[in-house]
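S.K.: My questions will all concern the structure given below.
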Amino acid sequence: MCTVVIDVEDAGSARLLAVRDEDPLREWDGLGPWWPEQYPGVIGIRDRRAGGAWLAVNPAERRLAVLLNRADVRDLADDRAVSRGSLALESVSGRSPDGPLPMHGFNLLEVGPDGARVISWDGVTLRVTPVTPGTHMIAHDDLDDAVTPRILTWLPRFRALEPASARDDWAADWIALLAESAGLAPEDDRAIIRDNRPHGYPTQSLLYATASVTTAGVDVHDHALPSPAHWE
């Protein structure tokens, strides 16, 4: 139930804001080079349980990837499912997923020198959606999915801001709008800072990250929320 807002300038330039929803009992580590032997030069936000990454960055290659869960269209037993935690790490190392996959559903947002795209797996079909220039939003369904209440509510507000590429302080503007969105109750379907337990999931918003990928390099920052599903 994570959320990403991304503004694409052109093929090699994008800025994004990503909010991570996860079970608060599942421990994690902030941005760091947690995989020096298998993925040298890669930094990311690590899931301690499975050892994978929610967000990963390869600064030398100017690549970034963010993993979002997506509902399956068929049942896959948990004891048969391979962890999705390697997807972002493999992506920023230049290896995108190729189906079919023994994994639960996901949206993998990839940003690199050739542009941005979303790779979606629903348990049956693997699809690739290019992210065109402009501001977009994705959660647990398709890119810019108007059926998702938080996208319907907040994507027009992010699009109303000046393009991120036009402002050095774009992240401050976006974070301010994220803070405004946190005025909604975290159980509200429109909320970005979320408590998903009333919707049948144990996940809550735990952190957010801002990142830019441009010809000048990659700049990424992570910020833990003071408590799950609460901005303040």
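The values are calculated or read from the model by the stated rules, or taken from the named source; none is laboratory data. Just so you know, these numbers come straight off a predicted model, no measurement behind them. For neighbour counting, all protein chains shown are included, and Cβ atoms are generated from backbone atoms with ideal geometry for every residue, glycine included. Areas reflect the complete protein model, heavy atoms only, side chains present, ligands, DNA and RNA absent. Shrake-Rupley method; radii C 1.70, N 1.55, O 1.52, S 1.80 Å.
S.K.: So which of Ala185, Ala191 ends up being more than 19 Å from Leu31 (Cβ to Cβ), over 17 Å from the mean Cα position of the chain (by Cα), in a loop (DSSP other than H, G, I, E, B) and of a type in the set (A, V, I, L, M)?
M.R.: Working: Ala191 fails: over 17 Å from the mean Cα position of the chain (by Cα).
Of the residues listed, the single one that is more than 19 Å from Leu31 (Cβ to Cβ), over 17 Å from the mean Cα position of the chain (by Cα), in a loop (DSSP other than H, G, I, E, B) and of a type in the set (A, V, I, L, M) is Ala185.
S.K.: Scan region 32-56 for residues that are surrounded by fewer than 18 Cβ atoms within 10 Å (Cβ to Cβ) and either within 30 Å of Asp168 (Cβ to Cβ) or modelled with pLDDT of 95 or more (or both) and jot them down.
M.R.: Keep residues of region 32-56 that are surrounded by fewer than 18 Cβ atoms within 10 Å (Cβ to Cβ), which gives 32-33, 36-38, 40-41, 48-51.
The answer is Gly32, Pro33, Pro36, Glu37, Gln38, Pro40, Gly41, Arg48, Gly51.
S.K.: If you don't mind, another one. Do you know which residues across region 8-23 are in a loop (DSSP other than H, G, I, E, B) and open to solvent by 50 Å² or more (accessible area, probe 1.4 Å)? First the steps, then the outcome.
M.R.: So in region 8-23, the residues in a loop (DSSP other than H, G, I, E, B) come out as 11-12, 23.
Scanning region 8-23 gives a single hit, Ala11.
S.K.: List the pairs whose first member sits in region 136-158 and is touching a residue at least 12 places away in the same chain (Cβ under 8 Å) and within 16 Å of Ile175 (Cα to Cα), whose second member is surrounded by fewer than 17 Cβ atoms within 10 Å (Cβ to Cβ) and among the small types (Gly, Ala, Ser), and whose Cβ atoms are under 9 Å apart, counting only residues at least 6 apart or on separate chains?
M.R.: From residues that are touching a residue at least 12 places away in the same chain (Cβ under 8 Å) and within 16 Å of Ile175 (Cα to Cα), the pairs are Leu155/Ala146.
S.K.: For the structure I just gave you, tell me whether Arg26 is assigned to a strand (DSSP E or B) and basic (Lys, Arg). Let's see the steps before the verdict.
M.R.: Numbers: assigned to a strand (DSSP E or B): no; basic (Lys, Arg): yes.
Spelling it out, it is not the case that Arg26 is assigned to a strand (DSSP E or B) and basic (Lys, Arg).
S.K.: Can you run down the residue pairs with Cβ atoms below 9 Å, 6 or more apart or on separate chains, where the first is in region 17-46 and under 23 Å from Arg70 (Cα atoms) and in contact (Cβ under 8 Å) with a residue 40 or more places away in the chain and the partner is assigned to a loop (DSSP other than H, G, I, E, B) and small (Gly, Ala, Ser)?
M.R.: Asp21/Ala229; Pro24/Ala229; Gly44/Gly52
S.K.: Another question, if that's okay. Would you list the strands (runs of 3 or more DSSP E) that sit entirely within region 96-150 and hold 3 or more residues that are open to solvent by less than 40 Å² (accessible area, probe 1.4 Å) and closer than 25 Å to Ala191 by Cα? Even if it seems obvious, please write down each step before you answer.
M.R.: Details: elements: 106-112, 115-121, 126-131, 134-138.
In region 96-150, 106-112, 115-121, 134-138 are the strands (runs of 3 or more DSSP E) which contain 3 or more residues that are open to solvent by less than 40 Å² (accessible area, probe 1.4 Å) and closer than 25 Å to Ala191 by Cα.
S.K.: Need pairs with beta-carbon distance below 6 Å; first residue without any contact (Cβ under 8 Å) to a residue 40 or more places away in the chain and within region 65-83, second open to solvent by 50 Å² or more (accessible area, probe 1.4 Å); sequence gap 6+ or separate chains.
M.R.: Going by the 6 Å Cβ cut-off, the qualifying pairs are Val82/Pro102; Ser83/Ala50.
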